[in-house]
Amino acid sequence: MSIRINKYLADSGVGSRRKCDELIIAGKVIINGAKAELGSQVTEGDKVELDGKPVSGQKANVYYMLNKPVGYVTTVSDDRGRRTVMELLPKGASRVFPVGRLDYDTSGLLLLTNDGDLAYKLTHPSKETSKTYVATVLGNVTDATLNKLRNGVDIDGFKTSKAGAKLIKAGDQSVVELIIHEGKNRQVRRMFDAVGHKVVELKRVAIGSLVMGSLKIGKIRELTKDEIIGR
Ligand code: URA
């Protein structure tokens with residue numbers, strides 16, 4: 001099967017197809033020793049070079065972090081017609097999928113990538129990747145309650161494993177940072193239900209060592225090289 005040279009280059013992470021066309025026009029792209037033209041096709045075994053360096057034709061991995069707003073589902077499509085996080089990707093973004101899940105009514109850090117290995121590492125239960133949430137809950141959370149959350153609580157017959165729990169703000173509504181290493185459905189909400197506190201707002205702020213930082217709600221950016229290496 002052959003593909004057009006601009007798609008071959010774009011798939012290799014060189015840039016958008018348009019950008020690749022410009023490079024072709026500029027004479028920087030060589031196929032089997034001859035200058036490529038806009039309509040040139042590439043088949044397996046062809047040798048493609050850009051600025052004298054080989055271009056593999058391998059799909060380049062891309063990684064985005066999104067500060068997901070409430071009111072979006074973290075699936076590629078939704079049979080109930082709700083908005084999906086895919087609508088927040090920049091125009092022309094590479095084809096990616098969300099890693100793991102955040103509830104419709106949860107905001108915060110979501111990774112999107114086309115790197116299946118990374119997605120597996122971050123989401124497979126055996127890897128126990130930590131996820132850090134900030135929950136605003138009804139009522140005053142006591143030290144005793146924090147200890148219960150830390151030691152594990154029963155959610156529908158499942159005992160949660162050890163967690164980190166830190167009180168950020170006490171009052172009629174409390175704010176708690178909770179770090180868990182599992183990913184049961186609606187786990188954080190159910191853990192707080194189990195200790196008698198209803199979650200009114202939930203935000204994920206970190207996955208492992210990857211921290212969302214100051215990224216604004218609804219905004220998306222590519223991970224830096226260092227952030228990717230740290231995964
Ligand atoms: N726990 C929840 O309850 N909701 C999420 O979206 C993520 C973790």
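Data table
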quantity	calculated
Condition met for residue 14 (at pLDDT 90 or above and among the aliphatic types (A, V, I, L, M))	no
Contacts under 9 angstrom Cβ, first residue in the range 169-190 being at positive phi, partner within 12 Å of the ligand (Cβ to nearest atom) and part of a loop (DSSP other than H, G, I, E, B), 6 or more apart	186/103; 186/106
Within the range 201-221, tally of residues that are loosely packed, with under 13 Cβ neighbours inside 10 Å and touching a Ser or Thr at 6+ places or on another chain (Cβ under 8 Å)	1
Hey, residue 193 more than 25 Å from residue 214 (Cα to Cα), within 12 Å of the ligand (Cβ to nearest atom) and in contact (Cβ under 8 Å) with a residue 24 or more places away in the chain or not	yes
Candidates 202, 167, 178, 110 - the one that is touching a Pro at 6+ places or on another chain (Cβ under 9 Å), at pLDDT 95 or above and outside any helix (DSSP H, G or I)	110
Residue selected from the range 148-164 under the condition assigned to a helix (DSSP H, G or I) and more than 15 Å from the ligand (Cβ to nearest atom), by the criterion nearest to residue 130 (Cα to Cα)	150
Residue, nearest to the ligand (Cβ to nearest atom), within the range 100-120, restricted to residues that are charged (D, E, K, R) and farther than 15 Å from residue 183 by Cα	105
All positions within the range 113-140 that are among the aliphatic types (A, V, I, L, M), under 18 Å from residue 185 (Cβ atoms) and either in contact with a helix residue (DSSP H, G or I) (Cβ under 9 Å, 6 or more places away or on another chain) or in a loop (DSSP other than H, G, I, E, B) (or both)	135
Residues satisfying the stated conditions in the range 45-65, i.e. touching a residue at least 40 places away in the same chain (Cβ under 8 Å) and in a loop (DSSP other than H, G, I, E, B)	55, 56, 57, 58, 59, 60, 61, 62
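The values are calculated or read from the model by the stated rules, or taken from the named source; none is laboratory data. Small disclaimer: the values here were computed from a predicted structure and weren't measured. No Cβ is skipped: glycine too gets one built from the backbone with ideal geometry, and neighbour counts run over all protein chains shown.
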